[in-house]
Amino acid sequence: ASAALPPLDAGMNPAQREAVRYLDGPCLVLAGAGSGKTRVITQKIAYLLRDCGYSARNVAALTFTNKAAREMAERVGSVAPPNAIKGLTISTFHSLGVKMLREEAKQVGLKPQFSILAADDAMGIVQELVATTDKGLIRAVQTAISLWKNALVEPDQAERLATTESERDAARVYRSYNATLRSYQSVDFDDLIRLPARLLESDAEARERWQSRIRYLLVDEYQDTNACQYRLVQLLTGPRAMLTAVGDDDQAIYAWRGATIENLAKLTTDYPNLRVIKLEQNYRSMQRILAAANNVIGHNPKLFDKKLWSDLGVGDPIGVIPMDDEEAEAESVAMRISAARFELKADWRDFAILYRSNHQARIFEQALRNLKIPYMVSGGQSFFDKAEVRDIMAYLRLIANDEDDPAFIRAITTPKRGVGQSTLEVLGTYAGEREIPLFAAVFETGLEQRLQPRQLGPLREFCEFINRMQWRAGAAKGDAAPSGETASEILDDLVRAIQYERYLYDHFDERGAQNRWQTVLDLLGWLKRKAEEDKMSLMDLVQHIALITMLEKSDDEDPDLVRMSTLHASKGLEYPHVFLVGTEEGLLPHLGKDDEEGDPAKAAESLEARVQEERRLMYVGITRARRTLTVTWCKKRKRGREDIAREPSRFIKEMGLETDEVADATPGLSAKERLDRLKSLLKKG
Ligand code: ATP
Ligand code: MG
């Protein structure tokens, strides 16, 4: 079979080849966008497996998103024989963390079926601990906790380092928050990396286990790792340091989540024998696009000296199009996509609309729908965030782990089943005093003194129901044997038993209920397929999903749809035709409120730092484009009933373009001719 595979060196330049073949120590590939860094990783995996005798289970590659992991797995699949890649780990940091925690649960004091909290469940816990309804305050505390975790700062340390009373308060909440998570047998998103790092730090045996397991580690998008991820990489690779990291300091866009570019520089000091390889040829973009990208990023101070050139030809001029308002913008972009697809005989999937913030998506979705253009939104509200999906998932989570208190609360109250708020409060207090999960408390005789039989009845009935489902799903503790039913049967029974469809029709109007019920059916269908394809038990599946829930919807195939994405979520990807929309001051750069209070010099410094991060985001956006790039901005936007005048983004000028230039990104007819033609076509169709 391997005879049919392409030769390994095909499609690689000498510098890439060097990076792929270098195995004498840690290696860092530092290079600009589209220079083939990710390709180096996929080729190196193939090299390790095909030529160096590495077994797949000893190789791991880490990416930033599930989508990137899937794409990489596909690419590796095309350069290495299928039987050689079995057991290979290509995943996000978070998925690797889950895997480690499942295997090492005992060592970190968790049971193997611990649950992974979604952001809003975590928020609920913070809310209770802070005892406020002030959403801003809750979010601020949650952010502080997250940043601490990602910086590997423990509660004690956080409290010691605090300089203000409110920081001290937040640090105290941090401590109770961790304790609450513990008692729920839950971990949050940040823990997925923090706990494995802590474990490897403190437990020499575990460290050796993982170091001998992962004998070669590759990390993509290295510039966006935070302290915690850096530490995990360091501990996993150990003194042998068989590591290849690739990254681009100009694409660091996650400082707000605690990522630090210094990790790139730190590598050079932590690994004195680090080999640094630069790539300079860009294989993605036409020269005009690349020049614009280089111009913009040239306004940032340089950390490393990098050059980037392309021989793909000059390409079409970049279109800069001022629009009257956001509706005109959305409509025009939709029209242009429709026309260009027709003329260039392109696919829908060749087009991407990229924007700074999620809230910009809605109006584009509507415009695309109006023209019947199929699209998908990534990096936005995902399927798994929908309330009805979360409701069903709460039941499944509870079945998988009955110590998952947030899931308990959600499931027992949705649909309502005669368990009132006051009953739940009594239950909560009782469980709190006894330091046991809510579920376990329901069966304690002690509770009988606090609740009337009519209050206790429905509670126990509910828990017995969950117990039966657990038994059927094979998650029962003790010696009860699993029933051997399929996941599909159990799922159908569950949804029928809780009368979820009726609940929807009782609470929403006809259409709302129908839509929601359809979503539930989609979820069930997807779960069943997944259980069958991946031969997963229902329990494994639930664990698996709890994780994707917080990342993104899984879209295994590459459907022919226009891609809509935030700039952040577009990192690492490429599209033939890119529309960069809402390129205005206030949106991109998006600077939030000015930090005027306090030290003005400091405020100016932090403002400058934010502009620089936004500029990197702009650089990421421009460099996603392969053939054409169109930049749009609105002269005014509605805020409430008012029209607010807008200014074009400073980045347009920095690209070396005029803000009112109306160039045409697509060859052939003029824009007006094309629109007219399209309109007449649409009328006929
Ligand atoms: P980013 O910084 O955006 O993540 P990158 O450096 O990871 O970009 P890749 O995605 O690996 O770049 O490569 C960009 C494009 O160039 C891809 O389509 C890839 O297949 C192609 N490519 C990479 N190296 C070569 C090469 N030597 N010859 C031809 N095409 C290449
Ligand atoms: Mg890449």
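The values are calculated or read from the model by the stated rules, or taken from the named source; none is laboratory data. Please read these numbers as outputs of a predicted model, since none were measured by experiment. Methodologically, a virtual Cβ is constructed for each residue, glycine included, from the backbone with ideal geometry; neighbour enumeration extends over all protein chains shown.
Note down all Cβ pairs under 7 Å where the first residue falls in region 453-475 and is in a helix (DSSP H, G or I), the second is of a type in the set (Ser, Thr, Tyr), and they're at least six residues apart or on different chains.
GLN455/THR423; LEU459/THR423; TRP471/SER483; ARG472/SER483
For (1) of a type in the set (Ser, Thr, Tyr); (2) modelled with pLDDT of 90 or more; (3) on the phi < 0 side of the Ramachandran plot, each residue gets a yes or a no:
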residue: GLN421; (1), (2), (3): no, no, yes
residue: ALA431; (1), (2), (3): no, no, yes
residue: GLY457; (1), (2), (3): no, yes, yes
residue: ALA476; (1), (2), (3): no, no, yes
residue: SER483; (1), (2), (3): yes, no, yes
residue: ALA497; (1), (2), (3): no, yes, yes
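Could you pull out the residue among GLU154, GLU159, GLU128, GLU167 that is surrounded by fewer than 21 Cβ atoms within 10 Å (Cβ to Cβ), under 21 Å from LEU192 (Cβ atoms) and among the acidic types (Asp, Glu)?
Working: GLU159 fails: under 21 Å from LEU192 (Cβ atoms); GLU128 fails: under 21 Å from LEU192 (Cβ atoms); GLU167 fails: under 21 Å from LEU192 (Cβ atoms).
Criteria check complete, one pass: GLU154.
Residues of region 210-229 being farther than 17 Å from ILE253 by Cα and either of a type in the set (S, T, N, Q) or surrounded by fewer than 16 Cβ atoms within 10 Å (Cβ to Cβ) (or both), which ones?
Residues satisfying the conditions are GLN211, SER212, ARG213.
Show the residue pairs that are 6+ apart or on different chains and have beta-carbon atoms under 7 Å apart, the first residue being within region 187-202 and over 15 Å from TYR174 (Cβ atoms), the second being assigned to a loop (DSSP other than H, G, I, E, B) and of a type in the set (Asp, Glu).
Short answer, once both residue conditions are applied: LEU199/GLU104.
Identify the residue in region 116-151 that is among the hydroxyl-bearing types (Ser, Thr, Tyr) and out of contact with any Lys or Arg (no Cβ under 8 Å at 6 or more places or on another chain) and, among all such residues, is nearest to LYS99 (Cα to Cα).
THR143
Answer yes if at least one residue in region 49-57 is near ligand 1 (Cβ under 10 Å from one of its atoms), in a loop (DSSP other than H, G, I, E, B) and not hydroxyl-bearing (Ser, Thr, Tyr), and no otherwise.
No, because not a single residue in region 49-57 is near ligand 1 (Cβ under 10 Å from one of its atoms), in a loop (DSSP other than H, G, I, E, B) and not hydroxyl-bearing (Ser, Thr, Tyr).
Kindly evaluate GLY87 against the criterion of being small (Gly, Ala, Ser) and either crowded, with 22+ Cβ neighbours inside 10 Å or touching a residue at least 40 places away in the same chain (Cβ under 8 Å) (or both). Quick ask: steps written out before the conclusion?
On the way: small (Gly, Ala, Ser): yes; either crowded, with 22+ Cβ neighbours inside 10 Å or touching a residue at least 40 places away in the same chain (Cβ under 8 Å) (or both): no.
Spelling it out, it is not the case that GLY87 is small (Gly, Ala, Ser) and either crowded, with 22+ Cβ neighbours inside 10 Å or touching a residue at least 40 places away in the same chain (Cβ under 8 Å) (or both).
What number goes with the only condition from (1) more than 9 Å from ligand 1 (Cβ to nearest atom); (2) surrounded by fewer than 19 Cβ atoms within 10 Å (Cβ to Cβ) that ASN13 does not pass?
Result: ASN13 fails condition (1) only.
Within region 163-186, can one find any residue that is away from ligand 2 (no atom under 16 Å from the Cβ), assigned to a helix (DSSP H, G or I) and within 30 Å of PHE304 (Cβ to Cβ)?
No: region 163-186 contains no residue that is away from ligand 2 (no atom under 16 Å from the Cβ), assigned to a helix (DSSP H, G or I) and within 30 Å of PHE304 (Cβ to Cβ).
In region 77-85, is there at least one residue being assigned to a strand (DSSP E or B), more than 15 Å from ligand 1 (Cβ to nearest atom) and over 27 Å from SER378 (Cβ atoms)?
The answer is no, given that none of the residues of region 77-85 is assigned to a strand (DSSP E or B), more than 15 Å from ligand 1 (Cβ to nearest atom) and over 27 Å from SER378 (Cβ atoms).
Are there any pairs with C-beta distances below 7 angstrom linking a residue in region 19-34 that is under 14 Å from LEU48 (Cα atoms) and at pLDDT 95 or above to a residue that is within 11 Å of ligand 2 (Cβ to nearest atom) and in a helix (DSSP H, G or I), with the two at least 6 apart or on different chains, and if so which?
The qualifying pairs are ALA19/VAL40; VAL20/VAL40.
Mind telling me which of the residues ALA122, ALA118 ends up being buried (at least 21 other Cβ atoms within 10 Å of the Cβ), out of contact with any strand residue (DSSP E or B) (no Cβ under 9 Å at 6 or more places or on another chain) and closer than 24 Å to LEU398 by Cβ?
ALA118
Which count do you get for residues in region 18-37 that are near ligand 1 (Cβ under 9 Å from one of its atoms) and out of contact with any helix residue (DSSP H, G or I) (no Cβ under 7 Å at 6 or more places or on another chain)?
Adding up the residues that qualify gives 3.
Could you identify the single residue in SER357, SER378, SER382 that is surrounded by fewer than 21 Cβ atoms within 10 Å (Cβ to Cβ) and modelled with pLDDT of 85 or more?
Going through SER357, SER378, SER382 in turn, just one is surrounded by fewer than 21 Cβ atoms within 10 Å (Cβ to Cβ) and modelled with pLDDT of 85 or more: SER357.
If you go through region 26-71, how many residues are polar (S, T, N, Q) and more than 12 Å from ligand 2 (Cβ to nearest atom)?
At the first step, the residues of region 26-71 found to be polar (S, T, N, Q) are 35, 38, 42-43, 55, 58, 63, 65-66.
Of the ones still in play, those that are also more than 12 Å from ligand 2 (Cβ to nearest atom) are 43, 55, 58, 66.
So the answer is 4.
Given the options LEU264, LEU217, LEU232, LEU236, name the one that is among the hydrophobic types (A, V, I, L, M, F, W, C), touching a Ser or Thr at 6+ places or on another chain (Cβ under 6 Å) and either part of a helix (DSSP H, G or I) or more than 16 Å from ligand 1 (Cβ to nearest atom) (or both).
LEU217
Note down all Cβ pairs under 9 Å where the first residue falls in region 339-355 and is free of Cβ contacts under 8 Å to residues at least 24 places away in the same chain, the second is assigned to a loop (DSSP other than H, G, I, E, B) and surrounded by 16 or more Cβ atoms within 10 Å (Cβ to Cβ), and they're at least six residues apart or on different chains.
Partner pairs satisfying both residue conditions: ARG341/ILE373.
So GLU74 passes all but one of these: (1) within 16 Å of ligand 2 (Cβ to nearest atom); (2) buried (at least 17 other Cβ atoms within 10 Å of the Cβ); (3) farther than 24 Å from LYS278 by Cα. Which condition number does it fail?
For GLU74, the failing item is (2).
Quick one: how many residues across region 170-209 are modelled with pLDDT of 90 or more, surrounded by fewer than 17 Cβ atoms within 10 Å (Cβ to Cβ), out of contact with any Asp or Glu (no Cβ under 9 Å at 6 or more places or on another chain) and over 16 Å from VAL233 (Cβ atoms)?
Matching residues across region 170-209 total 5.
Tell me, yes or no, whether region 583-604 has at least one residue that is within 16 Å of ligand 2 (Cβ to nearest atom), modelled with pLDDT of 75 or more and β-branched (Val, Ile, Thr). Break it down stepwise before answering.
Step one: list which residues in region 583-604 are within 16 Å of ligand 2 (Cβ to nearest atom), which gives none.
So far as region 583-604 goes, no, none of its residues is within 16 Å of ligand 2 (Cβ to nearest atom), modelled with pLDDT of 75 or more and β-branched (Val, Ile, Thr).
Quick check on ALA61: is it outside any helix (DSSP H, G or I), within 13 Å of ligand 1 (Cβ to nearest atom) and touching a residue at least 12 places away in the same chain (Cβ under 8 Å)?
yes
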